[in-house]
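The values are calculated or read from the model by the stated rules, or taken from the named source; none is laboratory data. Only a predicted model underlies this, so the values are computations on that prediction, with no experimental measurement involved. Using ideal geometry, Cβ is built from the backbone for each residue, glycine included, and neighbour counts are taken over all protein chains shown. Just so you know, the surface numbers come from the protein's heavy atoms only, side chains and all, with ligands and any DNA or RNA stripped out. Shrake-Rupley method; radii C 1.70, N 1.55, O 1.52, S 1.80 Å.
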Amino acid sequence: MACVEKRGALGGTCLNVGCIPSKALLQSSHHYEMAAHGLAVHGVQVGKPVLDLAAMMKRKQSVVSGLTKGIEFLFKKNKVDYVVGAATLQDAGTVTVGDKTLKGRNIAIATGSDVAPLQGVAIDERRIVSSTGALALETVPGHLVVVGAGVIGLELGSVWRRLGAEVTVVEFMDTILPGMDLDVRKTMQRSLEKQGLKFRLSHKVASAKAGKDGVTLSVEPRDGGGAEALKADVVLVAIGRRPYTEGLGLDKLGVEMDPRGFVKVDRQFRTNVPGIHAIGDVIGGPMLAHKAEDEGVALAEILAGGKAHVDYNTIPGVVYTHPEAASVGRSEDALKRDGVAYKAGKYPFSANSRALANGDAEGFVKVLADARTDRLLGVHIVGPNAGDLIQEAVSVMEFGGAAEDIALTCHAHPGLAEAVREAAMMAASGKAIHM
């Protein structure tokens with residue numbers, strides 16, 4: 001077995017220039033924010049903190065390096081050949097990497113995605129950056145303009161706002177975090193605005209011109225109106241990602257792709273060319289590392305002669321700002337749109353003893369269940385440790401469980417997870433213990 005990777009560091013986008021370095025900076029910047037503004041209420045008096053951005057970036061890189069080396073160790077342990085270079089498929093069983101030729105019965109395309117470009121805005125990774133450049137800025141920008149109010153834009157915008165930047169987010173849609181539950185979107189926007197982020201919703205960026213003193217953007221109302229100039233020190237383009245298939249030779253082999261460039265596969269991740277499979281961002285769906293990992297595990301099981309599948313309705317999504325936001329399953333908006341009869345239970349962290357003791361009680365848990373069967377349809381959380389709390393809902397949904405299953409399960413006290421139980425009680429019976 002062999003794995004071809006042209007980056008020269010294993011782990012893909014997520015580990016090298018995505019979710020891992022961004023989480024390292026989110027954690028470090030949160031500590032800085034707490035030292036500056038959040039400790040006095042706990043009776044801890046400190047002077048004005050001093051930012052050592054170089055040290056923060058060094059720590060981020062050490063986290064990334066440690067994990068990439070860990071993957072190299074796992075490759076050696078499991079006898080996987082690591083081939084550095086760009087791969088081109090010659091036929092269903094042959095891959096070339098430079099002057100090397102690799103043969104195999106099965107080929108798996110897991111090339112991921114790349115930054116989606118914005119017309120009229122040329123990324124140079126200095127003044128106008130993608131997420132990659134935003135993770136490696138050498139100084140804190142005076143004014144950062146983020147184009148796109150999705151997960152990447154809000155997480156990186158939060159990092160640099162905490163470290164001292166003025167942050168303006170320009171979003172084409174009329175809401176942040178498009179696709180998430182309406183209550184989540186509203187609560188997150190209010191929270192981030194309180195933290196200092198400014199939002200220009202229903203607006204688009206027509207152009208951006210970088211100069212010695214920064215970037216001048218032309219920003220227009222989405223639905224018509226005059227353009228205005230917006231000045232920034234740095235512009236982050238975070239409007240989404242697109243499948244990466246450049247140089248693979250898929251056209252030559254006749255591998256079928258959809259109009260947006262995603263590789264088309266069946267439920268067993270087979271393309272229309274026998275022997276060639278694909279997983280991850282390159283086949284579409286949620287562009288999440290854990291979704292790609294599940295697909296990779298399933299494909300490995302299938303190729304080994306076993307049976308496996310991925311339940312795409314139980315893949316969680318998390319926004320690692322503060323507070324965090326996490327969701328799994330259907331949103332209330334979607335259930336209403338589709339005419340599904342449902343029950344809802346909503347419980348605030350302001351009524352949760354652990355959240356109050358921690359001084360971190362913003363947000364809520366919302367549980368959605370089928371009105372007739374009580375089967376869990378979706379769970380949405382804004383609040384402390386939302387990304388960890390959502391996992392209970394994922395497990396229950398994976399087993400086809402009901403809101404009552406969570407409601408009747410003992411939860412440790414005092415714990416944040418009690419809020420999940422109380423919301424489930426509200427959904428299952430209309431009553432919670434502490435409401």
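Points to keep in mind about this one:
- Residues in region 1-38 that are closer than 21 Å to THR132 by Cβ, in contact (Cβ under 8 Å) with a residue 40 or more places away in the chain and open to solvent by 60 Å² or more (accessible area, probe 1.4 Å): LYS6 only.
- Inside region 415-435, residues that are surrounded by 14 or more Cβ atoms within 10 Å (Cβ to Cβ) and either assigned to a helix (DSSP H, G or I) or over 27 Å from the mean Cα position of the chain (by Cα) (or both) make up a count of 13.
- LYS58 being basic (Lys, Arg), open to solvent by 50 Å² or more (accessible area, probe 1.4 Å) and part of a loop (DSSP other than H, G, I, E, B): no
- Exactly one residue out of VAL50, VAL64 is among the β-branched types (Val, Ile, Thr) and under 23 Å from VAL115 (Cβ atoms), and it is VAL64.
- Residues (over 22 Å from LYS252 (Cα atoms) and open to solvent by less than 20 Å² (accessible area, probe 1.4 Å)) located in region 281-302: LYS291, GLU295, ALA298, LEU299
- Some residue of region 366-376 being small (Gly, Ala, Ser), free of Cβ contacts under 8 Å to residues at least 60 places away in the same chain, open to solvent by less than 10 Å² (accessible area, probe 1.4 Å) and under 21 Å from LEU182 (Cβ atoms): yes
- Search result, residues across region 64-103 that are open to solvent by less than 50 Å² (accessible area, probe 1.4 Å) and touching a helix residue (DSSP H, G or I) at 6+ places or on another chain (Cβ under 7 Å): VAL64, THR68, LEU89
- Enumeration of residues in region 309-328 that are open to solvent by 30 Å² or more (accessible area, probe 1.4 Å) and either at pLDDT 95 or above or of a type in the set (Val, Ile, Thr) (or both): ASP311, TYR312, ASN313, TYR320, HIS322, GLU324
- In region 39-55, the residues that are open to solvent by less than 80 Å² (accessible area, probe 1.4 Å) and within 31 Å of the chain's Cα centre (by Cα): LEU39, PRO49, LEU51, LEU53, ALA54, ALA55
- Pair list, Cβ under 6 Å, 6 or more apart: region 117-146 residue farther than 16 Å from ALA54 by Cβ, other residue hydroxyl-bearing (Ser, Thr, Tyr): GLY120/SER207; ILE123/SER130; VAL145/THR168
- Residue match in region 196-215 (condition: at pLDDT below 95, open to solvent by 60 Å² or more (accessible area, probe 1.4 Å) and out of contact with any strand residue (DSSP E or B) (no Cβ under 8 Å at 6 or more places or on another chain)): yes
- Restricting attention to region 296-325, the residues that are in contact with a Gly (Cβ under 6 Å, 6 or more places away or on another chain) and acidic (Asp, Glu) add up to 1.
- Flag if GLY387 is in a helix (DSSP H, G or I) and open to solvent by less than 30 Å² (accessible area, probe 1.4 Å): yes
- Checking each residue of region 139-146 against the condition of being under 18 Å from GLY211 (Cβ atoms), in a strand (DSSP E or B) and touching a Phe, Trp or Tyr at 6+ places or on another chain (Cβ under 9 Å) gives at least one match.
- Filtered residue count, region 238-292, keeping only those that are within 15 Å of SER113 (Cβ to Cβ), charged (D, E, K, R) and not in a loop (DSSP other than H, G, I, E, B): 4
- Residue match in region 236-255 (condition: open to solvent by 50 Å² or more (accessible area, probe 1.4 Å), closer than 30 Å to GLN391 by Cα and in contact with a Lys or Arg (Cβ under 8 Å, 6 or more places away or on another chain)): yes
- Given (1) of a type in the set (Gly, Ala, Ser); (2) open to solvent by 20 Å² or more (accessible area, probe 1.4 Å); (3) not in a loop (DSSP other than H, G, I, E, B), index of the condition GLY133 fails: (2)
- Scanning region 162-184 for residues that are of a type in the set (D, E, K, R), buried (at least 23 other Cβ atoms within 10 Å of the Cβ) and within 19 Å of the chain's Cα centre (by Cα) yields a count of 2.
- Near pairs, Cβ below 9 angstrom, 6+ apart or cross-chain, from region 295-312 (farther than 22 Å from SER395 by Cβ) to any residue that is of a type in the set (Ser, Thr, Tyr) and loosely packed, with under 11 Cβ neighbours inside 10 Å: none
- Whichever residue in region 261-272 is touching a residue at least 12 places away in the same chain (Cβ under 8 Å) and farther than 27 Å from GLY85 by Cβ and, among such residues, is surrounded by the most Cβ atoms within 10 Å (Cβ to Cβ): GLN268
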